[in-house]
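*Asks:* One structure, pasted below without further comment.
The values are calculated or read from the model by the stated rules, or taken from the named source; none is laboratory data. Everything quoted here is computed from the prediction, not taken from an experiment. Please note: Cβ atoms are built from the backbone with ideal geometry, for glycine as well, and neighbour counts cover all protein chains shown. Protein only, heavy atoms only, side chains kept; ligands, DNA and RNA dropped before computing areas. Shrake-Rupley method; radii C 1.70, N 1.55, O 1.52, S 1.80 Å.
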Amino acid sequence: MNKEFVHLTAWEQAHLVRTGQISASELLAAVLEHAAETNKNTHAFVTFCEKEAKEKACETDRKLSAGEEAGPLAGVPYTAKDVFCTRNIRTTGGSRILSGWLPPYNAAAVERMEKAGAILFGKTNCDEFAMGGTGENSAWQPVPCNPYDFERTTGGSSSGSAAAVASGAGAISLGTDTGGSIREPAAFCGVVGLKPTYGRVSRWGVLAFASSMDTVGPITRSVKDAALAMNALSGFDHRDNVTAKVPVPDYAEELKRGVCGMRIGISPDLLQLTIMNEKGDFDNVPIDPEITAALEQTAALLEKAGAEIITDVPMTNTKYSVPAYFVISRIEAYSNLQRYDGLKYGRPSSQQAQDMYDLFAKSREEGFGHEVKLRILSGLFLSQKEFYEKYYRRAQRARALIRSDYDRVFDPKGEYRLDVLLTPSTPVPAFRFDRKDCDPLLIRYADQFTSPMNFAGTPGISFPAGFTASGLPIGIQAAGYDYCEDKILRAAYAVEQLMKDSRGAV
Ligand code: GLN
């Protein structure tokens, strides 16, 4: 029933509900049915909250028929990555240690979506505690599959979110991005994914991974939907004290301003991978040529729309990002995950424990998966006092250098004066689960173009920019300066308008 509605964008769905062409309950029923169907192949979901969603849809219909204000996203069904706490709805973070946990509260982002009228109907699968880039680290199998080819990964860690949105199972999904986890799966699945400025969206009620980089943002099928979701999500929240009292523009209104006169940069440093070899020298490794070609085409479209393209922008320090991310993210993860001991947080082991420490050990042994254990142990090792200079201090210095690249190229009085920096989102398109079609080095450095923005704290949006010859989606990233989500949205929107096939796959 009403199949045609499920692939519409969020703003189209909101319009139909607001104008009474479809009720929120009918739309929800259609989306739930479609999600259950597509989930058989995509495995995007870990939980459906049908009952709660239906109640909210009824309430929305009541409000609308009574002429009450129901919010700009009234009746739009959406999903959230399973790291967002949802009141009385199972929240696992892709981990056994939280299996069966029912949070007593909603994450701030979920509260805000609810206030805008959107209706949560499911929780999406992800890498355990958002640690990964394919979804394969989730405790919950089978892991999400790419809607364009079920033999391929969705990217990660917001894997189920991207797969759900791409397949028409909800027009918006909330994701998190610490090193690329919104933008990479968006690129692999042919949808839009926006990582906001650090401090733009509250992370209160989101399971923490690496707190100095964790961000919350939307995955959508259109740029305008990302703008609408950002309208709902952005702003100060006293419960997340990195959020700032920076005014929130109407991002959807801003889209109309176009890109005429914008200075858009391309950096040769972000058109290849620069990888340190065993001798400590850097090697340049080319990325997939179809992605480079898509970037050039995107730049040509933006130029046609009136932007000025600057092609020699130096981002020389971004090559330190992947190794520095390794160090900093592990140390922060080690610190954040200490709380899961089976006593204060997390499911206690069912085995007989001799004492408190034995209970901690057994609960962690049973509750955490391989990758999470590995990262906790690496974090423990890297944060030892005797290694402080060698690893942590160096990584922090690299982080400061990366930030200085952004300060230089976006400086309004500087040489480059960029509004937007255009980069590939990923070095390769979605690869196969068996890894047979792709150089493992390119997979290991998959975060090269996304993690620098997490270090700098600046925003980035991955948007669809065509397909490879074999039909896989290609994502290009528009990156901006602090709190300039409006500009990157405008760039992505301009490209979307000029390209035909910007919609989801299935
Ligand atoms: N792929 C990266 C990692 O495994 C990024 C994850 C993320 O952004 N949450 O850490």
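*Asks:* Can you compute the equivalent ellipsoid semi-axes for region 1-55, i.e. the square root of 5 times each eigenvalue of the Cα gyration tensor, sorted largest first and rounded to whole Å?
*Replies:* Semi-axis lengths for region 1-55 are 21, 13, 9 Å.
*Asks:* Give me log10 I(q)/I(0) at q = 0.07 Å⁻¹ for the chain, Debye formula, one equal scatterer per alpha-carbon, no solvent.
*Replies:* -0.34
*Asks:* For residue 214, what accessible surface area do you get with a 1.4 Å probe? Give it in Å², rounded to 10.
*Replies:* 20
*Asks:* Once a ≥ b ≥ c are taken as the square roots of the eigenvalues of the Cα gyration tensor of region 142-235, is the result rounded (a/c under 1.5), prolate (a/b larger than b/c) or oblate (a/b not larger than b/c)? Numbers along the way, then the final one.
*Replies:* Values: a/c = 2.24, a/b = 1.40, b/c = 1.60.
Oblate shape, in that a/c is at least 1.5 and b/c is the bigger or equal ratio.
*Asks:* Among the listed pairs 56/245; 224/413; 304/413; 123/195; 63/123, give every one whose C-alpha distance is greater than 28 Å.
*Replies:* Working: 56/245 31 Å; 224/413 31 Å; 304/413 26 Å; 123/195 19 Å; 63/123 26 Å.
Table pairs above 28 Å Cα-Cα are 56/245; 224/413.
*Asks:* Still on this model: In deg cm²/dmol and to the nearest 500, what is the mean residue ellipticity at 222 nm of the chain if only DSSP H runs of at least 4 residues count, each as -39500 (n - 2.57), divided by the residue total? Kindly include the intermediate steps, with their values, before the conclusion.
*Replies:* Working: 16 runs with 181 residues, N = 506.
Roughly -11000 deg cm²/dmol at 222 nm, from the helical runs in the chain.
*Asks:* Please list log₁₀ I(q)/I(0) at q = 0.14, 0.16 Å⁻¹ for region 294-426, using the Debye equation with identical point scatterers on the alpha-carbon positions.
*Replies:* The Cα Debye sum returns log10 ratios of -0.79, -0.89.
*Asks:* Hey, if you put +1 on the Cβ of every Lys and Arg and -1 on every Asp and Glu Cβ in the chain, which of 147, 474, 36 ends up farthest toward the positive end of that dipole?
*Replies:* 36
*Asks:* Separation between the residue 66 and residue 242 pseudo-spin-labels, each 7 Å from Cα along Cα→Cβ, expressed in nm?
*Replies:* 4.0
*Asks:* Sticking with this one: Roughly how many Å is it from the Cα centre of region 212-271 to that of region 75-138, as a whole number?
*Replies:* With region 212-271 and region 75-138 each reduced to a Cα centre, they are spaced 21 Å.
*Asks:* Based on the alpha-carbon gyration tensor of region 220-268, what equivalent-ellipsoid semi-axes (square roots of 5 times the eigenvalues) come out, in whole Å, largest first?
*Replies:* Working: eigenvalues 122, 51, 28 Å².
That gives 25, 16, 12 Å for the three semi-axes.
*Asks:* Can you give the net charge of the other residues whose Cβ lies under 11 Å from the Cβ of residue 181, counting K and R as +1 and D and E as -1?
*Replies:* Numbers: positive: 81, 183, 195; negative: 127, 177, 184, 214, 447.
Charge balance near residue 181 sits at -2.
*Asks:* If you don't mind, there's one more thing I want to ask. Can you tell me how region 190-328 classifies by the Cα gyration tensor, rounded, prolate or oblate, using a/c under 1.5 as the rounded cut? Each step should come with its number before you reach the end.
*Replies:* Working: a/c = 2.23, a/b = 1.18, b/c = 1.90.
Since a/c reaches 1.5 but b/c is at least a/b, the shape of region 190-328 is classed as oblate.
*Asks:* Same structure again: Under 12 Å from the Cβ of residue 368, count the other residues' Cβ atoms, weight Lys and Arg +1, Asp and Glu -1, and hand me the total. Before the final figure, lay out each step's value.
*Replies:* Numbers: positive: 96, 347, 362, 364, 373, 375; negative: 128, 341, 365, 366, 371.
Charge balance in the 12 Å sphere: +1.
*Asks:* Express the Stokes-Einstein translational diffusion coefficient of region 163-213 in µm² s⁻¹, to the nearest whole number, given a Kirkwood radius over alpha-carbon pairs, 20 °C and a viscosity of 1.002 mPa s. Don't skip to the end; give the middle numbers.
*Replies:* Numbers: Rh = 11.9 Å.
The calculation lands on 180 µm²/s.
*Asks:* If I take R0 = 30 Å and measure r between the Cβ atoms of residue 149 and residue 498 in this structure, what FRET efficiency does the formula 1/(1 + (r/R0)^6) give, to the nearest 0.05? Before the final figure, lay out the partial values.
*Replies:* Numbers: r = 26 Å, r/R0 = 0.88.
Efficiency, from the Cβ-Cβ distance: 0.70.
*Asks:* Let me ask something additional. From the residues 464, 430, 442, which one has its Cα farthest along the dipole of region 386-478 in the positive direction, the dipole being from +1 and -1 charges on Cβ of Lys/Arg and Asp/Glu about the Cα centre?
*Replies:* 442
*Asks:* Okay, next question. Please compute the volume of the convex hull spanned by the alpha-carbon atoms of region 290-336 and report it per residue in Å³. Provide the component values of the computation, followed by the final result.
*Replies:* On the way: hull volume 6.2 nm³, N = 47.
Cα-based convex hull of region 290-336, divided per residue, equals 131 Å³.
*Asks:* Let me ask you something else. Quick check on my link table: of 279/436; 279/390; 362/385, which ones sit more than 19 Å apart, alpha carbon to alpha carbon?
*Replies:* From the list (279/436; 279/390; 362/385), the Cα-Cα distance tops 19 Å for 279/436; 362/385.
*Asks:* Another question, if that's okay. Leaving out ligands, DNA and RNA, what percent of the accessible area of the chain is carbon and sulfur, probe 1.4 Å? Intermediate values should be presented prior to the final figure.
*Replies:* On the way: 10300 of 19580 Å².
Whole-percent figure for carbon plus sulfur exposure: 53.
*Asks:* Then there is this: Counting only heavy atoms of the protein chains, get the accessible area per residue of region 174-272 (1.4 Å probe) and round it to a whole Å² value. Let's see the in-between values first.
*Replies:* Details: 2640 Å² over 99 residues.
It amounts to 27 Å² per residue over region 174-272.
*Asks:* May I pose another question? Provide the net charge surrounding residue 460, with neighbours chosen by a C-beta distance below 15 Å and charges set as Lys +1, Arg +1, Asp -1, Glu -1.
*Replies:* Numbers: positive: 183, 195, 200, 403, 487, 490; negative: 177, 184, 214, 405, 419, 447, 482, 485, 486.
Overall, the nearby charge balance is -3.
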